[in-house]
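Quick notes on the structure that follows.
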Amino acid sequence: MPAGAPILSAAQMAAAEAACAARGIVPADLMERAAHAVAREAARFAAGRPILVLAGPGNNGGDAYGAACLLRAAGCDVRVAALGEPRAGAAAAMRARWAGPVTSLADAPPRPFVIDGLFGTGMSRAFDGEAAARLCEDAFILSIDLPSGIDADRGAALGDAIRADVTLALGSLKFAHVAGEAASRCGHVLLDPIGIDVSSSARTIARPRINPPAAAEHKYSRGLVCVIGGAMGGAARLAAAAAARGGAGYVVLASDDRRTPLDAIVHREPDARSDTIADVRTSALLIGPGLGRDAAARAACAQALASDLPLVLDGDALALISIAALAARRSPTILTPHGGEFDALFGAGDAPKIARTVAAARASGAVVIHKGADTVIADPEGNVIVANPPSWLSTAGTGDVLAGLVAARLAVTHAPMRAACEAVWLHQRAAGLAGAALVADDLPMHVPQAIAECR
Ligand SMILES: NC(=O)C1=CN([C@@H]2O[C@H](COP(=O)(O)OP(=O)(O)OC[C@H]3O[C@@H](n4cnc5c(N)ncnc54)[C@H](O)[C@@H]3O)[C@@H](O)[C@H]2O)[C@@H](O)CC1
Ligand SMILES: Nc1ncnc2c1ncn2[C@@H]1O[C@H](COP(=O)(O)OP(=O)(O)O)[C@@H](O)[C@H]1O
Ligand SMILES: [K+]
């Protein structure tokens, strides 16, 4: 996935295209550039294999006809199968340029390399993809802009969506390249801006820059993280270990369980929880992993919310707070809900995940890390960063590790959006280093290497 790249909705993409027209760059120019970009990548990936171009009725099909012409002119073995004919505009002009035969999808024999130009951002309703699926079954598939059959904003598959090996995004990434089910249908995502200027408040995550501590730093100035544990000691221990490996200068774990994951982590008795929450040296307070939901947990949460400390709320804590209480806070707050916790706190809805997360950040005044295979980080100003972490993270306790990393980065940076992005990047990188079939306990030990890569 291109790092730090803007992400647009289909409507925002259309507006950016329209703005090009105002500068004298008409749709036919953009389609010409798109066709060149597709032909270039197709020639590279096909590497001499016979090519079948699937062309749809809209501009995505126009890009496909344009690429077919260029590939044929370059000496490639190209055939075209179409679903509907472009009737007007740049796409019809590209269709007219193709002098070779055009068959229906049903009549086309399979070929080892497929350029999928059936539908892009204009996909509006489910399509019957049976014939396309037969042609794609054993082929390497390069999708133009999006795998055909995807809702560009929600990332939902509308009917028999295509599963690509490579997707070449045109102009900008769209929500579907990073969101929902679609993200896993795109394969390797490439981006060609084709000369369109885009700006967006949403971007893909990029490797952060993390400097070593300055010479004058000491353990308290480096950042003191306090983790408030509860019923399930293991979760708080995972979080504390991650905070320690995530660059905090000092980590305190207030928990019933006297075991700490590292000797460097200081244990406090749970009845000292209240003192811990009141400790003004604390740079970031983490509450929630393994907290439980009993009266003591509720009281600890209320005290944490009422304090002026920078706060990270995860797991059980998210069930013990209200949006109003969050909005009343003046100090930085970061929430780390998974999908279920998010819906319980902010309500479920049909809008795309990015929009729902921005609305939650605005309503709560907090930075929200809405976790999952498409992790959306939003701040109350509407800035959004999206990450697609490795799916091996779908195992118990990895969220506790993330919460510890968030607390550490908040303690060090004092900047909640930056802290959230650093933590999510370090978490996904640590997962990559831990590799297949990781368990949550494996992650903290890989965080120092991930940090070392951020210089
Ligand atoms: N972003 C940009 O600036 C550029 C975009 N271009 C291409 O234009 C594409 C968007 O083009 P369009 O807006 O024409 O949309 P599409 O080409 O994605 O498809 C829209 C067409 O498909 C039809 N359609 C939608 N759902 C259908 C279904 N289920 N069954 C049958 N027909 C269906 C629509 O009625 C319409 O005719 C992009 O994805 C990209 O490939 C390029 O041409 C160049 C520049
Ligand atoms: N399929 C997936 N692909 C990528 N990341 C995932 C997937 N499922 C879960 N994750 C990540 O794993 C972590 C799980 O957090 P959470 O659900 O809170 O687990 P726990 O409470 O057990 O620690 C989150 O960072 C989430 O983004
Ligand atoms: K496509």
Original post:
Per the helix-only calculation at 222 nm, which mean residue ellipticity applies to the chain, given -39500 (n - 2.57) for every DSSP H run of n ≥ 4 and division by its residues, nearest 500 deg cm²/dmol?
Top reply: -11500 deg cm²/dmol
**OP:** Report the Stokes-Einstein translational diffusion coefficient (µm² s⁻¹, integer) for the stretch 259-390, Rh taken as the Kirkwood radius over Cα pairs, at 4 °C with viscosity 1.567 mPa s.
**Re:** 84
**OP:** Note down the relative contact order for the chain as a percent, whole number, built from C-alpha pairs under 8 angstrom at least six residues apart.
**Re:** 12
Subject >> Cα centroid of the stretch 378-449 to Cα centroid of the stretch 252-290, whole Å >> reply: 21
**OP:** List the relative contact order of the stretch 159-296 as a percent without decimals, with contacts defined as Cα pairs under 8 Å and 6+ residues apart.
**Re:** 21
**OP:** Give me the net charge of ALA46's neighbourhood, meaning all other residues with Cβ under 12 Å from the Cβ of ALA46; Lys, Arg count +1, Asp, Glu -1.
**Re:** +1
**OP:** With a Förster radius of 30 Å, plug the Cβ-Cβ distance of ARG207 and ALA14 into 1/(1 + (r/R0)^6) and report the FRET value to the nearest 0.05.
**Re:** 0.45
Subject >> lysines whose Cα lies under 21 Å from that of LYS353, excluding same-chain neighbours fewer than 8 positions away >> reply: LYS174, LYS371
**OP:** Place the peptides 278-288, 213-223 in order of packing, highest mean first, counting for every residue the other Cβ atoms within 10 Å and averaging per peptide.
**Re:** 278-288, 213-223
Subject >> Range of Cα positions in the chain per principal axis (Å), largest first >> reply: 80, 42, 38
Original post:
Roughly how many whole Å is it from the C-alpha centroid of the stretch 338-376 to that of the stretch 162-216?
Top reply: 20
Original post:
What angle do you read, to the nearest 10 degrees and between 0 and 90, between the alpha-carbon axis of helix 10-22 and the longest principal axis of the chain?
Top reply: 60
Subject >> Theoretical gain in end-to-end length, GLU217 to ALA295 [0.36 nm per residue, Cα-Cα removed] >> reply: 24.2 nm
Original post:
Ranked by Cβ crowding within 10 angstrom, fewest neighbours first, how are LEU318, LEU410, LEU238 ordered?
Top reply: LEU318, LEU238, LEU410
Original post:
So how long is each side of the stretch 224-452 along the principal axes, counting just the alpha-carbon atoms, biggest first, in Å?
Top reply: 44, 40, 29
Subject >> Long-range tail of P(r) for the stretch 7-201 (Cα pairs > 19 Å, %) >> reply: 53
Subject >> Ratio of the Cα radius of gyration of the stretch 181-299 to 2.2 N^0.38 Å, where N counts its residues >> reply: 1.48
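Just so you know, all these numbers are worked out from the coordinates, no wet-lab data involved. Just so we're clear, the structure is a prediction, and the values are computed from it rather than from any experiment. Heads up, the Cβs are rebuilt from the backbone with ideal geometry, glycines too, and the neighbour counts pull from every protein chain shown.
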